Amino acid sequence: MLPPHRKTGPLPSFSPSFMSPKSTSSSERAPTPPGPPQIWWGNAFFFVLVHIAALAGMYYMPPWKTKKATLLLWFLTWQLADFGITVGYHRLYSHKAFRASLGVRIVLAILGSSAFQGSIKWWCLRHRLHHRFTDDPIHDPYAATRGLFYSHMGWIFFKPTHERMHLIERDDLESDPVVRIQHKYYVSSALLFGFVCPTLLGALWNDAIGGYIWGGLVARLFIWHCTFLVNSLAHWDGLQPYSDEDTSRGNLILALLTGGEGNHNFSFQHHSFPHDFRSGPSLLDWDPSKWIIFVLHKLGLATSLRRVRSEDLGEALRYMYRKTVLGIVEPEDDSWDGPEWNIEQVKEFAQAKPGRCVVVINGTVVDATVYLGEHPGGANMLRKYSVRLHDDADMWNEADWAFNGGMNTHSRAARKRMREFRVAKLVG
Ligand SMILES: [Zn+2]
Ligand SMILES: [Zn+2]
């Protein structure tokens with residue numbers, strides 16, 4: 001029998017709410033019945049209006065007639081908002097690639113607000129959904145498989161349903177007071193830091209209108225489209241040095257435009273190695289976001305920076321080189337010549353040590369205890385499907401389903417990591 005949450009339905013549509021992230025909260029807790037796609041008029045109106053206003057502003061005040069200080073303001077407000085997204089929303093909050101002090105979290109929340117891409121909570125939940133169900137035309141909010149335009153900005157115009165949002169981990173977000181407060185006051189903080197502040201700063205050199213047009217409107221366009229390029233072009237064009245299991249790509253031009261996020265094939269669950277604070281692991285990779293995190297670390301403001309193991313990185317590169325250059329596809333080695341246990345022995349093993357987390361995946365017993373803190377989907381997810389001693393056989397029986405696409409389509413690198421924790425084969 002299928003697990004109750006393994007549902008599919010008619011193709012829903014998805015959309016962010018730039019103006020009011022709270023308006024989707026009711027659909028985040030539990031599955032909602034899918035319906036026909038609905039235009040999100042409020043969202044679409046705001047998005048189109050800012051474009052028209054920015055283009056009209058640039059016509060009225062072209063760059064060659066604009067004060068240098070105002071153009072510098074445009075560049076800085078664009079870049080700062082971008083780092084609010086890349087360093088804050090993406091690497092800190094969505095992927096927990098590092099820990100940050102309260103002050104850093106507040107600054108990143110402010111910068112992220114100014115990017116007008118929804119609150120931290122709103123953005124991260126959808127981003128986690130994108131990683132969990134990458135390229136799935138129904139469950140990936142900006143699935144590249146639905147076309148370049150859709151993955152770039154088409155999804156903005158439709159009301160979301162997010163049938164699987166209730167499967168996404170959110171406790172870490174809801175327990176952070178910075179996230180809670182930013183979510184509550186998102187609209188006012190976005191307007192204040194995205195439009196009012198650039199206008200006031202422009203007024204310092206008698207160019208409030210220029211500050212509004214370039215530091216407010218035009219900079220929003222750059223922030224939006226550069227971020228959206230990560231969802232669209234980064235899944236369409238470039239290189240796949242680490243994995244070709246999904247559409248994610250690495251692209252230098254994109255990396256230059258997006259504070260380093262263009263190295264999409266590597267970064268975090270983008271889509272090969274989760275949780276690494278670097279989008280580009282090599283020194284030569286353009287990735288200012290990782291340099292910022294590194295400097296914060298040196299200043300004692302960021303801790304627990306996470307990196308993928310170098311042997312995993314090397315192995316992934318070797319695999320892709322052999323596959324793409326030499327045309328040799330190495331099969332995955334699922335063989336097992338260790339002990340064989342029946343379910344009673346598995347339960348005994350799980351019980352032998354308090355806190356031990358044992359999951360049964362693909363017929364093998366996996367001791368995931370030491371991996372709990374590293375698991376990209378969170379420790380709770382592993383515990384949920386672990387072998388426990390009360391009558392939850394249904395749940396641990398579903399670990400197979402969860403691992404092989406039900407909860408996440410695990411990458412080759414993740415499957416390889418899982419095999420390292422095998423302790424026995426399940427028999428009987
Ligand atoms: Zn990501
Ligand atoms: Zn992606």
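So Trp74 fits all but one of (1) among the aromatic types (Phe, Trp, Tyr); (2) open to solvent by less than 40 Å² (accessible area, probe 1.4 Å); (3) more than 16 Å from ligand 1 (Cβ to nearest atom); (4) closer than 29 Å to Trp291 by Cα; what number is the exception?
Failed condition: (2).
So that you can scan it fast, the table gives a plain yes or no per residue for (1) surrounded by fewer than 23 Cβ atoms within 10 Å (Cβ to Cβ); (2) away from ligand 2 (no atom under 12 Å from the Cβ); (3) at pLDDT 75 or above:
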| position | (1), (2), (3) |
| --- | --- |
| Val230 | no, no, yes |
| Trp236 | yes, no, no |
| Gly262 | no, no, no |
| Phe268 | no, no, no |
| Ser272 | no, no, no |
| Asp285 | yes, yes, yes |
| Ser289 | no, yes, yes |
| Ile292 | yes, yes, yes |
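Which ones in the stretch 94-113 are at pLDDT 95 or above and either in contact with a Gly (Cβ under 6 Å, 6 or more places away or on another chain) or within 16 Å of ligand 2 (Cβ to nearest atom) (or both)?
The answer is Leu108, Leu111, Gly112.
Would you be able to say whether some residue in the stretch 402-412 is of a type in the set (D, E, K, R), in a helix (DSSP H, G or I) and over 30 Å from the mean Cα position of the chain (by Cα)?
no
Go through (1) at pLDDT 80 or above; (2) among the hydroxyl-bearing types (Ser, Thr, Tyr); (3) surrounded by 11 or more Cβ atoms within 10 Å (Cβ to Cβ) for Ser335 and report which single condition fails.
For Ser335, the failing item is (3).
Looking at Ala352, Ala302, Ala316, which is the one that is modelled with pLDDT under 80 and among the small types (Gly, Ala, Ser)?
Ala316 is the lone residue from the list that is modelled with pLDDT under 80 and among the small types (Gly, Ala, Ser).
Quick one: Phe116 ticks every box in (1) touching a Gly at 6+ places or on another chain (Cβ under 7 Å); (2) open to solvent by 20 Å² or more (accessible area, probe 1.4 Å); (3) away from ligand 1 (no atom under 16 Å from the Cβ) except a single one, so which number is it?
(2)
For the stretch 130-142, check the following and say yes or no: at least one residue is touching a Lys or Arg at 6+ places or on another chain (Cβ under 7 Å), more than 15 Å from His235 (Cα to Cα) and surrounded by fewer than 17 Cβ atoms within 10 Å (Cβ to Cβ).
no
(1) open to solvent by 40 Å² or more (accessible area, probe 1.4 Å); (2) within 16 Å of ligand 1 (Cβ to nearest atom); (3) of a type in the set (S, T, N, Q): which one isn't true of Ser151, the others all being true?
(1)
Hey, among the residues in the stretch 159-188 that are among the hydroxyl-bearing types (Ser, Thr, Tyr) and buried (at least 19 other Cβ atoms within 10 Å of the Cβ), which one's nearest to Leu72 (Cα to Cα)?
For the stretch 159-188, the residue satisfying everything is Tyr186.
I'm told Glu330 meets every condition in (1) assigned to a loop (DSSP other than H, G, I, E, B); (2) open to solvent by 70 Å² or more (accessible area, probe 1.4 Å) except one. Can you identify the failing condition by its number?
(2)
Can you run down the residue pairs with Cβ atoms below 6 Å, 6 or more apart or on separate chains, where the first is in the stretch 95-110 and more than 19 Å from Gln79 (Cα to Cα) and the partner is open to solvent by less than 20 Å² (accessible area, probe 1.4 Å) and in a helix (DSSP H, G or I)?
Every condition considered, the pairs that remain are Ala97/Arg91; Phe98/Ile293; Ala100/Leu92.
Taking the residues in the stretch 350-380 that are free of Cβ contacts under 8 Å to residues at least 40 places away in the same chain and among the small types (Gly, Ala, Ser) as candidates, determine which candidate is surrounded by the most Cβ atoms within 10 Å (Cβ to Cβ).
That would be Ala350.
Within the stretch 339-349, can one find any residue that is free of Cβ contacts under 8 Å to residues at least 12 places away in the same chain and either part of a strand (DSSP E or B) or on the phi > 0 side of the Ramachandran plot (or both)?
No, the stretch 339-349 contains no residue that is free of Cβ contacts under 8 Å to residues at least 12 places away in the same chain and either part of a strand (DSSP E or B) or on the phi > 0 side of the Ramachandran plot (or both).
The values are calculated or read from the model by the stated rules, or taken from the named source; none is laboratory data. Treat the numbers as computed from the prediction; the structure is a model and nothing was measured. No Cβ is skipped: glycine too gets one built from the backbone with ideal geometry, and neighbour counts run over all protein chains shown. Accessible surface areas use protein heavy atoms only, side chains included; no ligands, DNA or RNA. Shrake-Rupley method; radii C 1.70, N 1.55, O 1.52, S 1.80 Å.
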